[in-house]
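The values are calculated or read from the model by the stated rules, or taken from the named source; none is laboratory data. Since the structure is predicted, the reported quantities are computational estimates derived from the model, not experimental observations. Note: ideal-geometry Cβ built from the backbone for every residue, glycine included; neighbour counts use all protein chains shown. All accessible areas refer to the heavy atoms of the entire protein, side chains included, with ligands and DNA or RNA removed. Shrake-Rupley method; radii C 1.70, N 1.55, O 1.52, S 1.80 Å.
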Amino acid sequence: MRLKSTVQFFGERCIRLIKLANSNACYQAPLKLFMKQALPLAAFILIACVVNAQKLLSPEEFLGYELGERFTPHYRMVEYFTHVDETMTNVEVKQYGETFEHRPLLYAIVTSPENFKNLEQIRKDNLKRTGLLEGTPGSEKKAIVWFSYNVHGNEASSLEASLLTFYELANPSNTKTQEWLKNTVVILDPCVNPDGRDRYVNFYTQYFNHPANLDNDGKEHHEPWPGGRTNHYLFDLNRDWAWGTQKETQHRLKIYNEWMPHVHVDFHEQGFNSPYYFAPAAEPYHEVVSPWQREFQVIIGKHNAKYFDEKGWLYFTKEVFDLYYPSYGDTYPTYNGAVGMTYEQGGGGSGGLSVTTKEQDPLTLKDRLAHHHASGLATIEISSKNSTRLVEEFEKYFRENLTNPSSPYKTYIIKADNDPDKISQLAEWMDLQAIGYGHPATAKSMRGFDYQNQTTINFNLSPDDVVVNIYQPKSRFITTIFEPQSKLADSLTYDITAWNLIYSYNLKAFAVNERINVGRKYQRKAVVNSVGAAKPYAYIFRYKSVKDVAFLAELMKNGIKVRAAEKSFSINGENFEPGALIVTQRNNERVANFDNTIQSLAQRMSREIFTSPTGFVSKGKDVGAEAVKYLKPPKVAVLFGDQTNSISAGETWHFFEQQIHYPITQIGTDYFDDIDLNKYTVLIIPEGSYKMMEDQQLTRIMNWVSKGGKLIIMGEALNAFVEKKGYGLKRYASENEKNDAEKKEKLQKEKELLRRYEDAERYEISNVISGAIYNVTLDSSHPLAFGIQDSYYTLKTNELRFAYLEKGWNVGVIKGVAKPIQGFAGRHVNKKLDNSLVFGVEEKGDGTIVYLVDNPLFRSFWESGKMVFSNAVFMVGQ
């Protein structure tokens, strides 16, 4: 055993040395010298390499059980991938990051030994074809296929399939796969979401029966809240590709943009009663999808169908899963040049090891992984057979991007007078996405689409503006993100239909039909601080961005007392808007090294410092006036657990911990009754369906509010409070409106009685908002709107309609006729939004209730919404 271990050790080290020499020429000379000077030992090691290479174990041999008999924990998958890496010379497994719960994120590369020697050159040649790397690519054309598994943790069969697929690709005795790999490089990400997967696997392992229970009522088929679908912060990683808000996504995008595959498959699961789904996708396709991308989806679909037909497996195509929303694991690769696809197997969190379908047949984990394994190998096979054309069409795609982009808008211009934090944050996002941008060379007069007014006007281009033209590799992706209107070929969509980041950040910006080249590299406005007096009367900071909120949070955590101006004022020649933060020497006498602490924090967080030797302002209210409010640090509690929408709860959690770094206490819904609410000054109710909010509970919360508490209610959670005693939220504004609505409803119902069966689905969407953007009229004088302009753009993802508050502040409203400026809203539901509430504040006794009809933290990419939420927490009710 000791000799065997030694042989294996030397064999593994030899393989690693050979891999280095194959992938990097600088290691080849040392390897030759080693072989010459230590020939006897080298010969022994080479023999060990051969012995070791023959010891590639199948997943069953390595794990000790047949795949599908149990769920494989993430760490065991890591061990098996490591085993294959250490055994085979044409395989490389790398860690590309770590999850919030410190699990490794891995990807594996497997190709032929000949390709492996030139792996780095293949990668660079591919980037040269895209234009992301300068130079002329070589003549060899190798297809690059990327598989992403287990992005939803409880869609757990795909990780099992990745183990088998990896083995079949690495196995030198599998002549079919070895032939495919001669012109194909395959990249496998075996588990995009390790934290969610282990959450599901740990649950199932704890509760499953021996043998597995096929009865769908069994505990093993019902995950507890929050389920394993999401990551640590309960984010859906399959909606995060474009936004990159989560560390798993950020790590993955870095590697993805270093490879830019030609084919990408995202392996999923759906309800266990559904047959298998593979490409081609359903309509709508975004108009930037190329004819070749459409064509090859059909080619792949027919090839998959051949193998499924042979097995008699059921499947469907061209339904449900479209190519529109840009942040999926199929659309994001598609808008970046790949043929991107989703493969969906029946199962999901209810599937377990075995479950009974509606046909009264068992569906086992073995079945599910077999289907994913088969579609994966079929995709590699057909990609290999079409490798030359894949590469040529890929190169054509990017050539068109660089020289002749088809979108009518050629350049997007971000005006220099926007808040520098917002521009900087958008720049960081563009860096993550490998998007080129910068400042124009000269000023000029132009004409373009004004995002703030949704009209075409004349404007002046400034040398300090930021320009993003679409004559670059990421051209089509840029178009999908920034274009003023996206064409929607079919309103039956799987997700939101509007996402424009210009509206998300609420920026002054223009879209123009002219190409404007970058003249110089983007440079953030420098923060130059020179504090005049050693101990100024007051420090003043602008309040316009989430970074300002994070600075406020940091001041509070350091025990520094902060005030906020409710009205505009001028002092020392500087003008400040409502919300400006004021920190005085007075009331901060107990803070050790007060001035040094303030200045150090400001410098570390890149905040511009303004100082004043006096509290006497030249315009507005003096520093000591009643209109300059002391901001009491909030003690925040967030309802968490069953009945809350887990994703909304996670968005709230992530915002506090990862974005503004302010402490919160999550209170479980199962013990909420036992909590002393008087310990907290703010209670946040995330979106959810709250059966727990009965009259007694609502009265308890109202009593707490009346004593000085602040209640923040978000989205669907408002349904538990509307029309309830003591709460001013109402569904309709007047009896006349109710009567009109009843008349219209009666007429509509008569039409519905005669509708055709085949039109049922389209009728339903007339009552749905598929994530559309609306212009909201904002009362910018109210603390809920501090740091925001007079207009606000809301991303509406629900059909909630509430009347203006009769006794309260209607801070954000849809005024007059409701019409989305981007995205789809059903005609029936859209009419109901006329003159409706979006954000409102109600004062009750000594406390406050904040009603947020639209979720301002949606998927953590609606940046201006974060200001609304922050104001609700820190500014309102002070």
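Just give me the residues in the stretch 262-295 being of a type in the set (Phe, Trp, Tyr), farther than 17 Å from Ala489 by Cβ and buried (at least 19 other Cβ atoms within 10 Å of the Cβ), in sequence order. If you could, list the steps in order and put the result at the bottom.
Applying the first criterion (of a type in the set (Phe, Trp, Tyr)) to the stretch 262-295 yields 267, 272, 276-278, 285, 292.
If we keep only those that are farther than 17 Å from Ala489 by Cβ too, we end up with 267, 272, 276-278, 292.
Answer for the stretch 262-295, where residues must be of a type in the set (Phe, Trp, Tyr), farther than 17 Å from Ala489 by Cβ and buried (at least 19 other Cβ atoms within 10 Å of the Cβ): Phe267, Phe272, Tyr276, Tyr277, Phe278.
Mind telling me which of the residues Thr230, Thr249, Thr245 ends up being β-branched (Val, Ile, Thr) and free of Cβ contacts under 8 Å to residues at least 60 places away in the same chain?
Thr249
Which condition number in (1) within 18 Å of Thr184 (Cβ to Cβ); (2) part of a strand (DSSP E or B) is the one that Gln121 fails?
(2)
Give the residues of the stretch 561-615 that are touching a Pro at 6+ places or on another chain (Cβ under 7 Å), assigned to a strand (DSSP E or B) and not aliphatic (A, V, I, L, M), sorted by residue number. Break it down into steps so the answer makes sense when it comes.
Taking the stretch 561-615 first, the residues touching a Pro at 6+ places or on another chain (Cβ under 7 Å) are 565-568, 611-613.
Restricting the remaining residues to those that are assigned to a strand (DSSP E or B) gives 565, 611-612.
Scanning the stretch 561-615 gives Thr611, Ser612.
Applying the selection to the stretch 824-838, what residues are open to solvent by less than 30 Å² (accessible area, probe 1.4 Å) and either touching a helix residue (DSSP H, G or I) at 6+ places or on another chain (Cβ under 6 Å) or among the polar types (S, T, N, Q) (or both)?
Gly826, Asn830, Ser836
Can you run down the residue pairs with Cβ atoms below 8 Å, 6 or more apart or on separate chains, where the first is in the stretch 404-421 and farther than 28 Å from Tyr335 by Cα and the partner is at pLDDT below 95?
Close Cβ pairs satisfying both conditions: Pro420/Arg524; Pro420/Lys525.
Right, Lys831: out of contact with any strand residue (DSSP E or B) (no Cβ under 8 Å at 6 or more places or on another chain) and closer than 25 Å to Asp495 by Cα or not?
Yes: the conditions hold for Lys831.
Is there any pair with a first residue in the stretch 280-293 that is more than 13 Å from Pro333 (Cα to Cα) and a second that is basic (Lys, Arg) and surrounded by fewer than 21 Cβ atoms within 10 Å (Cβ to Cβ) whose Cβ atoms are under 6 Å apart and which are 6 or more apart or on different chains, and what are they?
Pro280/Lys318; Ala282/Lys318; Glu287/Lys487
Tell me, which residue of the stretch 201-211 that is part of a helix (DSSP H, G or I) and of a type outside the set (Phe, Trp, Tyr) is surrounded by the fewest Cβ atoms within 10 Å (Cβ to Cβ)?
Top of the filtered list is Gln206.
Six or more apart or on different chains, Cβ under 7 Å: which pairs go from a residue in the stretch 609-625 that's over 12 Å from Thr584 (Cα atoms) to one that's part of a loop (DSSP other than H, G, I, E, B) and of a type in the set (D, E, K, R)? Could you list them?
Phe616/Asp622; Gly620/Lys567; Lys621/Lys567
Sort through Lys306, Lys302 and tell me the only one that's without any contact (Cβ under 8 Å) to a residue 60 or more places away in the chain and in a helix (DSSP H, G or I).
One residue alone meets the criteria, Lys302.
Out of all the residues in the stretch 748-788, which are at pLDDT 80 or above and more than 25 Å from the chain's Cα centre (by Cα)?
Matches in the stretch 748-788: Thr777, Leu778, Asp779, Ser780, Ser781, His782, Pro783, Leu784, Ala785, Phe786.
Filter the stretch 622-656 for residues that are within 22 Å of Phe786 (Cα to Cα) and among the acidic types (Asp, Glu) and give the result.
Asp622, Glu626, Glu651
Those residues that are within 26 Å of the chain's Cα centre (by Cα), of a type outside the set (Gly, Ala, Ser) and surrounded by fewer than 19 Cβ atoms within 10 Å (Cβ to Cβ), I need them from the stretch 790-814; list them, please.
Once the filter is applied, which keeps residues that are within 26 Å of the chain's Cα centre (by Cα), of a type outside the set (Gly, Ala, Ser) and surrounded by fewer than 19 Cβ atoms within 10 Å (Cβ to Cβ), the stretch 790-814 yields Asn798, Glu799.
If you take just the helices (runs of 4 or more DSSP H) that sit entirely in the stretch 12-107, which of them hold at least 1 residues that are modelled with pLDDT of 55 or more and not aromatic (Phe, Trp, Tyr)?
Helices (runs of 4 or more DSSP H) meeting the threshold: 28-37, 59-63, 74-87.
Name the pairs: first residue in the stretch 161-188 and among the acidic types (Asp, Glu), second residue surrounded by fewer than 24 Cβ atoms within 10 Å (Cβ to Cβ) and in a loop (DSSP other than H, G, I, E, B), Cβ to Cβ under 8 Å, at least 6 apart or on different chains?
Glu168/Asn174
Given the options Val298, Val320, name the one that is open to solvent by 20 Å² or more (accessible area, probe 1.4 Å) and at positive phi.
Details: Val298 fails: at positive phi.
Only one candidate qualifies: Val320.
Hey, which of the strands (runs of 3 or more DSSP E) in the stretch 413-472, taking only ones fully inside, have at least 3 residues that are open to solvent by 10 Å² or more (accessible area, probe 1.4 Å)? Walk me through it before giving the result.
Working: elements: 444-450, 455-461, 466-469.
Counting at least 3 such residues, we get 444-450, 455-461.
Please state which one of Val546, Val512, Val518, Val527 is modelled with pLDDT under 95 and within 30 Å of Val466 (Cβ to Cβ).
Checking each option against the conditions leaves just Val527.
Under the condition of being of a type in the set (A, V, I, L, M) and in contact (Cβ under 8 Å) with a residue 40 or more places away in the chain, which residue from the stretch 93-130 is surrounded by the most Cβ atoms within 10 Å (Cβ to Cβ)? Before the answer, list the steps.
To start, the set of residues in the stretch 93-130 that are of a type in the set (A, V, I, L, M) comprises 93, 105-106, 108-110, 119, 122, 127.
Cutting the leftovers down to in contact (Cβ under 8 Å) with a residue 40 or more places away in the chain gives us 105-106, 108-110, 119, 122, 127.
On the way: Leu105: 22, Leu106: 21, Ala108: 22, Ile109: 22, Val110: 25, Leu119: 19, Ile122: 21, Leu127: 20.
Result: Val110.
State whether the residues of the stretch 191-200 include one that is under 17 Å from His262 (Cα atoms), of a type outside the set (S, T, N, Q), in contact (Cβ under 8 Å) with a residue 60 or more places away in the chain and buried (at least 24 other Cβ atoms within 10 Å of the Cβ).
No.
Only one residue in Pro326, Pro405 is part of a loop (DSSP other than H, G, I, E, B), surrounded by 23 or more Cβ atoms within 10 Å (Cβ to Cβ), in contact with a Ser or Thr (Cβ under 6 Å, 6 or more places away or on another chain) and at pLDDT 95 or above, so which one is that? Show your work before the answer.
On the way: Pro405 fails: surrounded by 23 or more Cβ atoms within 10 Å (Cβ to Cβ).
Of Pro326, Pro405, the one residue that is part of a loop (DSSP other than H, G, I, E, B), surrounded by 23 or more Cβ atoms within 10 Å (Cβ to Cβ), in contact with a Ser or Thr (Cβ under 6 Å, 6 or more places away or on another chain) and at pLDDT 95 or above is Pro326.
How about the stretch 384-417: which of its residues are over 29 Å from the mean Cα position of the chain (by Cα) and hydroxyl-bearing (Ser, Thr, Tyr)?
If the condition is that a residue be over 29 Å from the mean Cα position of the chain (by Cα) and hydroxyl-bearing (Ser, Thr, Tyr), then Ser384, Ser387, Thr388, Thr403 are the ones that fit.
Suppose we keep only residues that are under 27 Å from Pro172 (Cβ atoms) and open to solvent by 50 Å² or more (accessible area, probe 1.4 Å) within the stretch 131-145. Which one would you say is nearest to the chain's Cα centre (by Cα)? Step through it out loud before you land on a result.
Taking the stretch 131-145 and keeping what is under 27 Å from Pro172 (Cβ atoms), we get 138, 140-145.
Filter once more, so that each one left must be open to solvent by 50 Å² or more (accessible area, probe 1.4 Å): 140-141.
Numbers: Glu140: 36, Lys141: 33 Å.
Filtering first and then ranking leaves Lys141.
Looking only at the stretch 149-178, which residues are of a type in the set (D, E, K, R), in a helix (DSSP H, G or I) and buried (at least 23 other Cβ atoms within 10 Å of the Cβ)?
Glu160
Kindly indicate whether Ser568 is open to solvent by 30 Å² or more (accessible area, probe 1.4 Å) and in contact with a Gly (Cβ under 8 Å, 6 or more places away or on another chain).
Values: open to solvent by 30 Å² or more (accessible area, probe 1.4 Å): yes; in contact with a Gly (Cβ under 8 Å, 6 or more places away or on another chain): yes.
Yes: the conditions hold for Ser568.
State all residues of the stretch 503-532 that are more than 14 Å from Asp419 (Cα to Cα) and among the charged types (D, E, K, R); if no residue qualifies, say none.
Glu514, Arg515, Arg520, Lys521
Examine the stretch 336-343 for a residue that is under 20 Å from Ile435 (Cβ atoms), part of a helix (DSSP H, G or I) and either open to solvent by 40 Å² or more (accessible area, probe 1.4 Å) or in contact with a His (Cβ under 8 Å, 6 or more places away or on another chain) (or both), and state whether such a residue exists.
So far as the stretch 336-343 goes, no, none of its residues is under 20 Å from Ile435 (Cβ atoms), part of a helix (DSSP H, G or I) and either open to solvent by 40 Å² or more (accessible area, probe 1.4 Å) or in contact with a His (Cβ under 8 Å, 6 or more places away or on another chain) (or both).
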